[in-house]
Amino acid sequence: MNIQAETTPERGGNPEAFSAAVPADRLQAVAAGRDVPAEVHPEVREVTPVLEIDRFNLWYGGKQALHGITMPIPHNKVTALIGPSGCGKSTLLRSVNRLNDLVQSVRITGDMRLNGDSIYDPRMDVIELRKRMGMVFQKPNPFPMSIYENVVYALRIDGENNRAVLDEVCELSLRGAALWDEVKDRLHESAIGLSGGQQQRLCIARAIAAEPEVLLLDEPCSALDPIATGKVEELIQELRGRYSVLIVTHNMQQASRTSDYTAFMYLGRLIEYGSTSGIFTKPILRETEAYVTGRFG
Amino acid sequence: MTHHIERQIEHLKERILRVGTLVEEAISKSITALINRDTNLAQRVMANDGEIDRMEVEVEEECLKILALYQPVAADLRFVVSVLKINNDLERMGDLARNIAKRVAQLTAGEPCELPPEIRTMAMQAQDMVKECLDAVVKGDPLLARQVREEDDAVDEARQKIRRRVIQEIKANPENVESLLRVNSVSKHIERIADMATNIAEDVIYMVQGDIVRHRSSD
């Protein structure tokens, strides 16, 4: 796939970085609407992508929200999207399963490919497409039914009624979501009675029950307390290696704790994309440095 | 929160520089004491080492506090980690200055023995390196740090020269063996000080550029 050209980077970590200098040039260029090529670390170019985002642009009416995003999302890894509010990270995530189709004024160009299949191909069946992905939102949204029925919901609507199959998927998914031990004795009670953190892990269990090719998490911990957040973060770490996860987070420590790769976005553009350890110890751009050290945003 | 960590980092920088200044002073005084056979000055160097040790502990606690409370990343993280290591090296330099000072008293008490002229040059070179590596810390200057790395070779050579000279002298004047061994160990201490300055220079390169250059020949 076509990754945007390299640029001459301005090295991060110069002495001024310690004296709170917020870099303005590149960010100003972005704000002025100029094209600024993304800085993509070499290790990202070598990944096997589950999802390829290819020169993706998106407009809400006349306002462009995403500008030429090109990035591979690696297979069986956790990729975090970070950036200040309004940078387009949620829009990008929601574009992956075409949730933005529901917004009337949206127009897009470019494409995304899920395991090689064009997501924005006019012939693509959106319902079938969404079955291939799991999505978890900020606020836990368990269905008003039992824990068991929540988890096996996807199988039920696909017509699966074999009790043994459903039982097995239910247990495996709840175990996968690190929730089994807490709920195994009350599987047939209402999911609404669970705590917020449990509800969110239930939503993740429901998502992985359908064996998604990619799991989309949109700030999955922002409505949770620190303990529940810790559990969900632990869960995300356990999913790594088994699922391809794309997570949007406001919390930089969450990105650094849970992800393998991190992409920094600003005003609808991809600014820098690399391994999480690279982004958090040795970012190439001063702008990324300033953002991850909390000096702006 | 943002401003807090910046303030903490500034504060830490001031502290490590204070340790650096004390250590630089201790080294320079120990060398002066050595050259002038000034036992009083040597005594003062030994007495002041406790202050360096105390400040080293404080700086380390400060670093641990920042790591625990602010979880710094990127340049901030590299700064704090480098300070932890620089701090450790500075403290050891302080100990080496104290060791040199200790030898001054012994040399003055023992048989009269000429210092080889190379000691003076070597000590100057090592002191320059200490000064430069501290400047590199202050300015976050990787070029200066690289220069310090290169200067270490001259000090190592001087040290070998002194060692050979001491061996010859011992053969010629075996009765002076104790003093000569002291001279030899002084040169060893000075060489170690230059090595520590090199370590600090390498930490500065990591701090600023994020590259770990240790165990690589200087280019």
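A few notes on this one:
- Qualifying residue in segment A:120-129 (condition: within 24 Å of A:LEU270 (Cβ to Cβ) and surrounded by 16 or more Cβ atoms within 10 Å (Cβ to Cβ)): yes
- Scan of segment A:266-297 for residues that are in contact with an Asp or Glu (Cβ under 8 Å, 6 or more places away or on another chain) and hydrophobic (A, V, I, L, M, F, W, C), ordered by number: A:ILE271, A:ILE279, A:ILE284, A:LEU285
- Check on A:ASN100, in contact with a His (Cβ under 8 Å, 6 or more places away or on another chain), on the phi < 0 side of the Ramachandran plot and free of Cβ contacts under 8 Å to residues at least 60 places away in the same chain: no
Residue-by-condition table, conditions (1) under 23 Å from B:ASP156 (Cβ atoms); (2) away from chain A (no Cβ under 14 Å):
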| position | (1), (2) |
| --- | --- |
| B:ASP89 | yes, yes |
| B:GLY94 | yes, yes |
| B:ALA97 | yes, yes |
| B:ARG103 | yes, yes |
| B:GLU111 | no, yes |
| B:PRO117 | yes, yes |
| B:ALA126 | yes, yes |
| B:VAL130 | yes, yes |
| B:GLY140 | no, no |
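- Unmet criterion (only one of (1) hydroxyl-bearing (Ser, Thr, Tyr); (2) surrounded by fewer than 19 Cβ atoms within 10 Å (Cβ to Cβ); (3) in a helix (DSSP H, G or I)) for B:SER187: (2)
- Of the listed requirements (1) in contact (Cβ under 8 Å) with a residue 40 or more places away in the chain; (2) within 14 Å of chain A (Cβ to nearest Cβ); (3) among the β-branched types (Val, Ile, Thr); (4) over 17 Å from B:MET129 (Cα atoms), B:VAL166 misses just one: (2).
- Among residues that are within 14 Å of chain B (Cβ to nearest Cβ) and modelled with pLDDT of 95 or more, A:ALA80 is included.
- Unmet requirement for A:GLY274, which otherwise passes all of (1) more than 14 Å from every other protein chain (Cβ to nearest Cβ); (2) more than 26 Å from A:TYR60 (Cβ to Cβ); (3) at pLDDT 95 or above: (1)
- Residue that is at pLDDT below 90, out of contact with any Cys (no Cβ under 7 Å at 6 or more places or on another chain) and not aromatic (Phe, Trp, Tyr), where the choices are A:GLY68, A:GLY33: A:GLY33
For (1) surrounded by fewer than 22 Cβ atoms within 10 Å (Cβ to Cβ); (2) more than 25 Å from A:GLN64 (Cβ to Cβ), each residue gets a yes or a no:
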{"site": "A:CYS221", "(1), (2)": "no, yes"}
{"site": "A:VAL248", "(1), (2)": "no, no"}
{"site": "A:PHE264", "(1), (2)": "no, no"}
{"site": "A:PHE296", "(1), (2)": "yes, no"}
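- Long-range neighbours under 7 Å by Cβ, at least six apart or interchain, first residue in contact (Cβ under 8 Å) with a residue 40 or more places away in the chain within segment B:117-135, second hydroxyl-bearing (Ser, Thr, Tyr) and part of a helix (DSSP H, G or I): B:ILE119/B:SER187; B:MET122/B:SER187; B:GLN127/B:SER28
- Scanning segment A:277-295 for residues that are assigned to a helix (DSSP H, G or I) and within 11 Å of chain B (Cβ to nearest Cβ) yields a total of 11.
- Check on B:GLN71, of a type in the set (S, T, N, Q) and away from chain A (no Cβ under 14 Å): no
- The set of residues from segment A:223-246 being surrounded by fewer than 20 Cβ atoms within 10 Å (Cβ to Cβ) and part of a strand (DSSP E or B) comprises just one member, A:ARG240.
- Residue check, A:GLY268 more than 14 Å from chain B (Cβ to nearest Cβ), at positive phi and crowded, with 21+ Cβ neighbours inside 10 Å: yes
- Check on A:SER173, polar (S, T, N, Q) and either surrounded by fewer than 17 Cβ atoms within 10 Å (Cβ to Cβ) or in contact with a Cys (Cβ under 6 Å, 6 or more places away or on another chain) (or both): no
The values are calculated or read from the model by the stated rules, or taken from the named source; none is laboratory data. Just so it is clear, the structure is predicted and the values come from calculations on it, not from any experiment. Heads up, the Cβs are rebuilt from the backbone with ideal geometry, glycines too, and the neighbour counts pull from every protein chain shown.
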